[in-house]
Amino acid sequence: VQLQASGGGLVQAGGSLRLSCAASGSSFSGNVMGWYRQAPGKQREMVATITSGYRTMYADSVKGRFTISRDNAKNTVYLQMDSLEPGDTGVYYCYAFKRFTEYWGQGTLVTVSS
């Protein structure tokens, strides 16, 4: 099983980025998927999750700015990030949970300049 994240980059404050995470080796259409991030010197934190029933959950710090979605046909989860702030800088990891096992992508770096 592999989760491949992409879409990170350098953006100015107020800009937007869209992250993608494609899963292979197993279908996650019936499972929770999501995004976590780790800022320099800080612990990894949950950013957003989405259930198989499309119920979403967001960290308070990104509510109203980020949108998580999924395409089960493509086995892919997305994170649309708008109104980016310097505090959003970090490595973003996609995540999936299936049969009591956590799966993590390799991370994609997002840098927001002020």
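The values are calculated or read from the model by the stated rules, or taken from the named source; none is laboratory data. Just so it is clear, the model here is predicted, and its values are computed rather than measured. Every residue, glycine among them, receives a Cβ derived from its backbone with ideal geometry; neighbour counts consider all protein chains shown. Heavy atoms of the whole protein, side chains included, go into the accessibility calculation; ligands, DNA and RNA do not. Shrake-Rupley method; radii C 1.70, N 1.55, O 1.52, S 1.80 Å.
List the pairs whose first member sits in the range 81-95 and is touching a residue at least 12 places away in the same chain (Cβ under 8 Å), whose second member is of a type in the set (Val, Ile, Thr) and assigned to a loop (DSSP other than H, G, I, E, B), and whose Cβ atoms are under 8 Å apart, counting only residues at least 6 apart or on separate chains?
Met81/Val62; Asp88/Val62
Name the residue that is least open to solvent (accessible area, probe 1.4 Å), counting only residues in the range 52-88 that are farther than 15 Å from Ala23 by Cα and hydroxyl-bearing (Ser, Thr, Tyr). Lay out the reasoning, then the answer.
Of the range 52-88, the ones farther than 15 Å from Ala23 by Cα are 53-68, 80-88.
Filter once more, so that each one left must be hydroxyl-bearing (Ser, Thr, Tyr): 54, 56, 58, 61, 67, 83.
Working: Tyr54: 122, Thr56: 64, Tyr58: 48, Ser61: 64, Thr67: 73, Ser83: 64 Å².
Applying the filter and picking the extreme gives Tyr58.
How many of the residues making up the range 1-15 are open to solvent by less than 60 Å² (accessible area, probe 1.4 Å) and either free of Cβ contacts under 8 Å to residues at least 24 places away in the same chain or not in a strand (DSSP E or B) (or both)?
Residues in the range 1-15 being open to solvent by less than 60 Å² (accessible area, probe 1.4 Å) and either free of Cβ contacts under 8 Å to residues at least 24 places away in the same chain or not in a strand (DSSP E or B) (or both): 5 in total.
Among residues belonging to the range 20-45 that are hydrophobic (A, V, I, L, M, F, W, C) and open to solvent by less than 50 Å² (accessible area, probe 1.4 Å), point out the one that is nearest to Glu85 (Cα to Cα).
Ala39
Among the residues of the range 89-107, write down those that are open to solvent by less than 20 Å² (accessible area, probe 1.4 Å) and not in a loop (DSSP other than H, G, I, E, B).
Those that are open to solvent by less than 20 Å² (accessible area, probe 1.4 Å) and not in a loop (DSSP other than H, G, I, E, B): Gly90, Tyr92, Cys94, Ala96.
Given the structure, is Val47 in contact with a strand residue (DSSP E or B) (Cβ under 8 Å, 6 or more places away or on another chain), β-branched (Val, Ile, Thr), assigned to a strand (DSSP E or B) and at pLDDT 95 or above? First the steps, then the outcome.
On the way: in contact with a strand residue (DSSP E or B) (Cβ under 8 Å, 6 or more places away or on another chain): yes; β-branched (Val, Ile, Thr): yes; assigned to a strand (DSSP E or B): yes; at pLDDT 95 or above: yes.
Yes, satisfied.
Please go through the range 67-88 and give me each residue that is in contact with a strand residue (DSSP E or B) (Cβ under 6 Å, 6 or more places away or on another chain) and in a strand (DSSP E or B), ordered by number.
Answer for the range 67-88, where residues must be in contact with a strand residue (DSSP E or B) (Cβ under 6 Å, 6 or more places away or on another chain) and in a strand (DSSP E or B): Thr67, Ile68, Ser69, Arg70, Thr76, Val77, Tyr78, Leu79, Gln80, Met81.
For residues in the range 23-37 being part of a strand (DSSP E or B) and more than 11 Å from the chain's Cα centre (by Cα), which is farthest from Gly105 (Cα to Cα)?
Per the stated criteria, the residue is Val32.
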